[in-house]
Amino acid sequence: MAFSGITTRGSAVSNTSGTTLAVNPSANIVAGLLAIVCCASDNPDISNATRGSSAFHTVTDSKSNTWTKIGEYTETEGAGSDGATVSVWASKLTTTILTTDTITITLGAARTDKIISVMEAAMGSGKTFAVQAVGIGINSLSATINPMPSREYLLIGAAASEGEDNAKTPDGDYTERFDLITSTTGNLDVNIALHVQTRITTLTSDTVTSSAWTNTNVIQTLSALYEIDESGGSSDVSFSGNVASAGNRGFENRIIFPLTVTPNTNRLLVIGIAGYIPGGATITSVKYGGVDCTHIITLDDGGGTFNALYRLTAPTVGTANIEVLFNNVVNALACGAAVFYNVDQTTPISNAVSDIAATDNVSSATGNLVVDCLAAYPDQDYVAGTGQSHLWQVNDGGAGVRGAMSYKSGETTTTMSWSPAPDYPVITAVNLNKAAAPPSSRRIFIIS
């Protein structure tokens, strides 16, 4: 048995200022099922240069199940509540959520417009889910993921925008699950819309599109989930959904930002540090929750554009700060982090590369994953290359350096690239090694 039985289980909308919105499921969501929550809201206070990955939403339920953020992304014109944020969450329930229970979205700050929607799906016996890829369409009605290993996926298209159009058209290959708006009163550009559609199929690439949609500041996402053995057997390296980023143009010697790590087997935290450092400052330490991270690779183009990767195996579950410290003040920083799982804990990485370019090749293998970080000037939107899944993209808070990170399924030679070609690029990349399968167990019966 594979993914099946996708069923909507209710939604809620609000156009009253606040930080939370709760929904009671329309039917009990039984333990062992996969619960999926898609949310939309007014965006956080970030500049248009930091549109993309954000960390504004949190999902919980009154039965304390563990929720994994598949992805969260924002489209904005440069100020709080002038755009839209969308997020996708999933949980294989350990405790049944009753119709009298609640599933709640919590925002990082009070916002007027917010939406939460709930679905359930069945999985095979002894299975749980993993995230293969997340595609993002910034200011676009479409999102694409490719290439991926050929296998069955549960594909979730979730898009948000400002506007009050609830007559959207789903992609021809998808089933529409929700078409929601917060209000039809007030100005068109202050209400929020959410469009959710799903598909279960076997493929290696796909595009989802929401059409016939009157909107502003739209952002489309496409998430690909697949089944893995719950027993923890060998599986491909996968993205956990845990990601965060921040920029700093304050001419300081450090940058600090929070990251939430959820429970997964064989975790690896990868941190990308992009900056403009003409004074020659160097990194003194990189920590997560006070624990030192290990250096992977660093490259400076000689003119000040700087790029470095750090890692930490088995980062502690929960929320803690990432802190990057330099030995002197730096002009501009754009940093981010992401957590992966099913990574070998003894030899988590190999074949790190760097180049003064926007493309590089990494030796890898099927089942592994390649992660890259781009440091670039000028400050503009950069698009990850074919097959790469966008993780975060942020600038330094001004009009200086831009940093971005992505990942891609491993091949013998895995090409990582970004476009358009920056004037001053530096790229770093590394292969994440798949955890070895545990040895098979044997029971010996002695008859005497």
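The values are calculated or read from the model by the stated rules, or taken from the named source; none is laboratory data. Please read all numbers here as calculations on a predicted model, not as lab measurements. FYI the Cβ positions are ideal-geometry reconstructions off the backbone, even for glycines, and counts take in every protein chain you see.
Brief remarks follow.
- If you check Ser26, Ser87 for being of a type in the set (S, T, N, Q), surrounded by 20 or more Cβ atoms within 10 Å (Cβ to Cβ) and either at pLDDT 95 or above or not in a helix (DSSP H, G or I) (or both), only one passes: Ser87.
- Here Ala338 clears all of (1) in contact with a strand residue (DSSP E or B) (Cβ under 6 Å, 6 or more places away or on another chain); (2) of a type in the set (A, V, I, L, M); (3) surrounded by fewer than 16 Cβ atoms within 10 Å (Cβ to Cβ) except the condition numbered (3).
- Any hit, region 107-114, residues being in contact with a strand residue (DSSP E or B) (Cβ under 7 Å, 6 or more places away or on another chain) and more than 30 Å from Thr184 (Cα to Cα): no
- Entry remark, region 322-335: residues being surrounded by fewer than 24 Cβ atoms within 10 Å (Cβ to Cβ) and either within 23 Å of the chain's Cα centre (by Cα) or hydrophobic (A, V, I, L, M, F, W, C) (or both) number 4 in total.
- Residue list for region 146-163, filter: modelled with pLDDT of 85 or more and of a type outside the set (S, T, N, Q): Arg151, Glu152, Tyr153, Leu154, Leu155, Ile156, Gly157, Ala158, Ala159, Ala160, Glu162, Gly163
- For region 193-209, the count of residues that are surrounded by 20 or more Cβ atoms within 10 Å (Cβ to Cβ) and assigned to a loop (DSSP other than H, G, I, E, B) is zero.
- Summed over region 1-22, the residues that are under 22 Å from Thr60 (Cβ atoms) and in a strand (DSSP E or B) give a count of 13.
- Criterion (touching a residue at least 24 places away in the same chain (Cβ under 8 Å) and closer than 16 Å to Asp82 by Cα) met by exactly one of Ala193, Ala158, Ala167: Ala193
- A count restricted to region 228-250 and to residues that are at pLDDT below 80, within 23 Å of Gly336 (Cβ to Cβ) and more than 17 Å from the chain's Cα centre (by Cα) stands at 4.
- Qualifying residue in region 175-185 (condition: at pLDDT 90 or above and in a loop (DSSP other than H, G, I, E, B)): yes
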